[in-house]
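Novice: One structure, pasted below without further comment.
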């Protein structure tokens, strides 16, 4: 049986530090690497080319999944593995993927992801296993490109792998806050589409009730307290992010009224 060809699809923007670690982890797996770059001003493109990647230049879009889908569309392999630059395959996952795609009835696979936050991998709080749908047959998987936290949509049967995908999204807490602010802005724009209430009930619901429920879900129900200080901070700021998004939404609505 001929070995299926695997393409790796990535979208980048100023990722010269993260990109080598990510691409080193797919050595021996990827027959092709496709990188869609959103106008990086550092050495990201040069690093990608050093690894033999096909680089496609474009703009840095607010919904970054648009660039990820561009990379998926440009892949020629029998299977496509879509990665974020701050992710890396463990040797066990690399071997599992190679063994699985040779013969399977599934058109896609969920990968269990381990998230690194404040000096440790989170094990509770609903953060592990953080399944993400990243591996799919050519032409069977796509991204809706509508939301920052969306998953791919795969046509046909989908299975699960067991080996971990490592995720290092925040090199430090300041970077976490910067990304949280960007996510809050995107969520505020989604609130605009939903036309949420900005009256008293909306304020109570989105500034008091939902943040408390979010903290309870992560820290108590899903036992985030087992991850100690890291688990507490993650639960707390996940709740704060919901508040920030609603305040940003309220600000946008009232600015429109003034003008």
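We did not get these values from a lab; they are worked out from the coordinates using the rules stated. Just so it is clear, the structure is predicted and the values come from calculations on it, not from any experiment. Ideal geometry is used to build each Cβ from the backbone, glycine not excepted, and the neighbour counts take in all protein chains shown.
Novice: Modelling each spin label as a point 7 Å along the Cα-to-Cβ direction, I'd like the residue 145/residue 73 distance in nm, to one decimal.
Specialist: 0.5
Novice: Another question, if that's okay. Starting from the Kirkwood Rh over alpha-carbon pairs, what translational D in µm² s⁻¹ does segment 127-254 have by Stokes-Einstein at 10 °C and 1.306 mPa s?
Specialist: 94
Novice: Ok, one more. Mind ranking 91-103, 42-54 by how tightly packed they are, going by the mean number of other C-beta atoms within 10 angstrom, highest first?
Specialist: Taking the mean over residues of other Cβ atoms within 10 Å, the ranking is 42-54, 91-103.
Novice: Ok, one more. Roughly what percent of Cα-Cα pairs across the chain reach past 29 Å?
Specialist: That tail contains 37 percent of the Cα-Cα pairs.
Novice: Could you order peptides 29-40, 122-133 by the average number of other Cβ atoms within 10 Å of their residues, highest first?
Specialist: Averaged packing, sorted descending, gives the order 29-40, 122-133.
Novice: While we're on this one: Calculated FRET efficiency, residue 182 and residue 100, Cβ-Cβ r, R0 35 Å, to nearest 0.05?
Specialist: 0.55
Novice: Continuing with this model, one more query. Quick one: Cα convex hull volume of segment 1-123, Å³ per residue?
Specialist: Convex hull of Cα atoms, per residue: 125 Å³.
Novice: At 222 nm, what value in deg cm²/dmol follows for the chain if DSSP H runs of at least 4 each add -39500 (n - 2.57) and the sum is divided by all its residues, to the nearest 500?
Specialist: The helix contribution divided over the chain gives -11500 deg cm²/dmol.
Novice: Still on this structure: Report the gain in length on full extension from residue 162 to residue 197: 0.36 nm times residue separation, minus Cα-Cα distance, nm rounded to one decimal.
Specialist: Computed gain between residue 162 and residue 197 is 8.4 nm.
Novice: Now a separate question. When the convex hull of the C-alpha atoms of segment 33-85 is computed, what volume per residue in Å³ does it have?
Specialist: Residue-normalised Cα hull volume stands at 77 Å³.
Novice: Taking the DSSP beta bridges in the chain as the whole, what percent of them are antiparallel, to the nearest 5?
Specialist: DSSP beta bridges in the chain are roughly 40 percent antiparallel.
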